[in-house]
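**Student:** Would you mind keeping the following structure in view while I ask a few things?
Throughout, read-outs are computed from the coordinates displayed, never taken from laboratory work. On a predicted model such as this, the values are computed, not experimentally measured, just so you know. As a convention, Cβ positions derive from the backbone with ideal geometry for all residues, glycine included, and neighbour counts pool all protein chains shown.
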Amino acid sequence: MKNKKGMALHWRILLGMLAGFVAGFVLLQFDHGKEWTYDWIAPWGKIFVNLLKLIAIPLILASLVKGVSDLKDIAKFKTIGLRTIGLYILTTVLAISIGLITVNVLKPGVGVSKETVDKLEQTYAGNQKIAHKINVAKQQKKQPKLQFLVDIVPDNIFKAMSNNSNMLQVIFFAIFLGITLILIPEHKAAPLKDVFDSLNEAILKMVDLIMLTAPYAVFALITNVIVGTAGDWDLLSSLLRYAFAVVLGLSIMLVVYMLMVKLFTGKNPFWFMKQLAPAQLLAFSSSSSAATLPVTMERVEEHIGVDQEISSFVLPVGATVNMDGTSLYQAVAAVFILQVLWPEGLSFSNQLTIILTALLASIGAAAVPGAGMIMLVIVLEALGFPSEKLPIALALIFAIDRPLDMMRTVINVTGDATVSTIVANSVGKLHTPKPKEWDDNL
């Protein structure tokens, strides 16, 4: 998407992001800068994210029903499903392994002083958000082992569609409906398929219209993040080695995706990243895979060339169960915490446990900001980490969690797009891109 002067969307979003950084630091210099940001700037970013969340469920329902019903053959869906799940498991295990290698080589926790730990504990240990995340993780741990399967099957589809956190339930219903449309006579399926086809086109046009405001929304989101972290700079600086370990691991994972795209599709990985850039920048600004999903689907289908019958299944499932960036973060954060607070827990068997637990935890994690810390509690408890130290453990990384959350969401979205492209190519569903503009039918 370009404006009248020809500037590509990702450059406009990047300019909005840079302007947000500058505005955030400028506003910090004023006594009422934080209040002014909260009152007059932050709401615009919130409205933008709400608009994307508004269309996420209708887009998943319409595109997935259409995609599955267009397959004509259920056996094709089985092939796509198995390859998708297999690749998601592979990339998640790779991400966790890269995180473990990075944190064990750099040992960021070894250099953290007791004074820093005490200061972080005093600042954040009583934080209500930390207490809430620990409680949520403990509730999840008490559930039956197969509860995640129970949670996939909705008892009321309208209730499921009323909450974006129930995305897997909507996916289940859409797949179920799509398969039944294959199994009934074509002349009876056609009217309903036409409804979903029309709805899908309308929702994709909504994405184009919403993205016209993306540069301004990103400005508001980034400004709010910068102003919101005011006062934490001294604590952030004390955690730079930990942050560097996470960022290095995420950067390596990005290179892995580029190599996979080149190896399995033959596409230029730099071209691939350029086409995906608007979704990546939005993921960075919002810290939400779910909010970014409509944009990710639009970029993958129209600008990379993945057929809708592939993207409509692979991307929504990935936004829910495939969180490579978050899983990598789990590995780095867990070992970092062990290095600082519980060195005796740094055994080889515990690190194998991290791989398995982080993989399983990622399946049930919500695609929203902050879900990573809930996953981290589950991982730590699986290692036998002392429960009385959990508040201290989360306090240790809480100050820098939001900036790292923004970066790992980029990897989550990139991983989904990479797997979607590879699966499409493997079944002959990767074609020449045909971008659509917001005013094509104006």
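**Student:** Find the centroid of the Cα atoms in region 12-64 and in region 289-309, then give the distance between the two in whole Å.
**Tutor:** 21 Å
**Student:** Now for a separate question. Taking the Cβ of VAL136 as the center, what net charge do the other residues with Cβ under 13 Å away carry, scoring Lys and Arg +1 and Asp and Glu -1? Each step should come with its number before you reach the end.
**Tutor:** Values: positive: LYS129, LYS133, LYS138, LYS141, LYS142; negative: GLU381.
Once all neighbours under 13 Å are counted, the net charge is +4.
**Student:** I'd like the projected area of region 1-159, averaged over all directions, using the convex hull of its alpha carbons. Report it in nm² with one decimal. Show your work: numbers first, answer last.
**Tutor:** On the way: hull surface 71.1 nm².
If you wrap the Cα atoms of region 1-159 in a convex hull and average its projections, you get 17.8 nm².
**Student:** Return the calculated 222 nm mean residue ellipticity for the chain, to the nearest 500 deg cm²/dmol, obtained by summing -39500 (n - 2.57) across DSSP H runs with n ≥ 4 and dividing by the residue count. Walk me through the numbers on the way to the answer.
**Tutor:** Values: 21 runs with 334 residues, N = 442.
One gets -25000 deg cm²/dmol as the mean residue ellipticity at 222 nm.
**Student:** Using only the alpha carbons, work out the radius of gyration and Dmax of region 299-442 in angstrom.
**Tutor:** Taking only Cα atoms of region 299-442, I get Rg and Dmax of 18.8, 66 Å.
**Student:** Going by average Cβ density within 10 Å per residue, which order do the peptides 92-99, 248-255 take, highest to lowest? Don't skip to the answer; put the middle values down first.
**Tutor:** Values: 92-99: 23.8, 248-255: 19.1.
Ranked from most to least packed, the peptides come out as 92-99, 248-255.
**Student:** Using the number of other C-beta atoms within 10 angstrom as an exposure proxy, rank TRP342, TRP40 with the fewest first.
**Tutor:** On the way: TRP342 17, TRP40 10.
Fewest-to-most ranking of TRP342, TRP40: TRP40, TRP342.
**Student:** What base-10 log of the normalised intensity I(q)/I(0) is obtained for the chain from the Debye formula, alpha carbons as equal point scatterers, at q = 0.05, 0.07, 0.08 Å⁻¹?
**Tutor:** Those come out to -0.17, -0.34, -0.45, one per q.
**Student:** At a Förster distance of 56 Å, what's the computed FRET efficiency of LEU82 paired with VAL22, Cβ-Cβ distance as r, to 0.05? Write out the running numbers ahead of the final one.
**Tutor:** On the way: r = 48 Å, r/R0 = 0.86.
Efficiency for this residue pair is about 0.70.
**Student:** Against the 2.2 N^0.38 Å scaling, with N counting residues, where does region 194-317 land? I'd like the Cα-based Rg ratio to two decimal places. Walk me through the numbers on the way to the answer.
**Tutor:** Values: Rg = 17.6 Å, N = 124, 2.2 N^0.38 = 13.7 Å.
Relative to the rule-of-thumb radius for its length, region 194-317 sits at 1.28.
**Student:** Across region 115-231, how large is the tail of the calculated P(r) beyond 25 Å, expressed as a percent of all Cα pairs? Show your work: numbers first, answer last.
**Tutor:** Details: 3914 of 6786 pairs.
So the pairs more than 25 Å apart make up 58 percent of the total in region 115-231.
**Student:** What are the equivalent ellipsoid semi-axes of region 1-85, built from the alpha-carbon gyration tensor (square roots of five times its eigenvalues), in whole angstrom, biggest first?
**Tutor:** Details: eigenvalues 353, 61, 32 Å².
Rounded to whole Å, the semi-axes are 42, 17, 13.
**Student:** Let me ask something additional. Per 0.36 nm of contour for each residue apart, how much would the distance between LYS145 and ASN268 grow if the chain were fully extended, relative to their Cα-Cα spacing?
**Tutor:** On the way: separation 123, 0.36 × 123 = 44.28 nm, distance 4.23 nm.
That pair, LYS145 and ASN268, stretches by 40.1 nm at full extension.
**Student:** On to the next question. Compute the length gained on full extension between HIS187 and THR432: take 0.36 nm times their separation in residues and subtract their Cα-Cα distance, giving the result in nm to one decimal.
**Tutor:** Numbers: separation 245, 0.36 × 245 = 88.20 nm, distance 3.07 nm.
Gain on extension, HIS187 to THR432, equals 85.1 nm.
**Student:** Now for a different question. Filter the DSSP H helices in the chain by two things, a Kyte-Doolittle mean of at least -0.5 and an axial alpha-carbon span of 18 angstrom or more, and list the hits by number.
**Tutor:** On the way: long enough: 9-27 (27 Å, 1.75); 42-69 (41 Å, 1.43); 74-106 (48 Å, 1.54); 128-142 (21 Å, -1.33); 167-183 (24 Å, 2.64); 186-211 (37 Å, 0.24); 214-228 (21 Å, 1.74); 240-265 (37 Å, 1.93); 269-286 (24 Å, 0.58); 308-321 (19 Å, 1.01); 324-341 (25 Å, 1.28); 348-364 (25 Å, 1.45); 401-426 (37 Å, 0.16).
Helix filter hits for the chain: 9-27, 42-69, 74-106, 167-183, 186-211, 214-228, 240-265, 269-286, 308-321, 324-341, 348-364, 401-426.
**Student:** In this model, which of LYS66/LYS262; LYS46/LYS133; LYS159/LYS274; LYS76/LYS205; LYS66/LYS141; LYS138/LYS193 are farther than 32 Å apart at the alpha-carbon?
**Tutor:** Numbers: LYS66/LYS262 29 Å; LYS46/LYS133 22 Å; LYS159/LYS274 38 Å; LYS76/LYS205 29 Å; LYS66/LYS141 36 Å; LYS138/LYS193 43 Å.
Distance filter (> 32 Å) returns LYS159/LYS274; LYS66/LYS141; LYS138/LYS193.
**Student:** Let me ask something additional. For the chain, give the magnitude of the charge dipole about the Cα centre (Cβ charges: +1 Lys/Arg, -1 Asp/Glu; no others), in debye to the nearest 20.
**Tutor:** Values: 36 positive and 32 negative charges, 105 e Å.
Approximately 500 debye in magnitude.
**Student:** What is the order of LEU64, LEU14, LEU341, LEU404, fewest Cβ neighbours within 10 Å to most? Spell out each step's value before the answer.
**Tutor:** Details: LEU64 28, LEU14 16, LEU341 19, LEU404 23.
Neighbour counts put them in this order, fewest first: LEU14, LEU341, LEU404, LEU64.
**Student:** Treat the count of other C-beta atoms within 10 Å as a stand-in for reagent exposure and order MET373, MET260 from fewest to most.
**Tutor:** On the way: MET373 25, MET260 21.
Least to most surrounded, the residues fall as MET260, MET373.
**Student:** Oh, and also: Which residues does the label zone of ILE101 cover in region 251-267, counting backbone N under 11 Å from a point 7 Å along Cα→Cβ?
**Tutor:** Counting only backbone N, you get 252-253, 256.
**Student:** May I have the pair-distance distribution P(r) for region 380-442, computed from all Cα-Cα distances with 10 Å bins from 0 and rounded to whole percent?
**Tutor:** The distribution over region 380-442 is 16, 21, 25, 18, 14, 6, 0, given as percents.
**Student:** Now, a different point. Calculate the FRET efficiency for THR213 and ALA75 from the Cβ-Cβ distance with a Förster distance of 51 Å, rounded to the nearest 0.05.
**Tutor:** Values: r = 43 Å, r/R0 = 0.84.
My answer for the efficiency is 0.75.
**Student:** Something else about it: Normalised by the number of residues in the chain, what is the relative contact order in percent for Cα pairs under 8 Å and 6+ residues apart?
**Tutor:** Dividing the mean separation by the residue count of the chain yields 31 percent.
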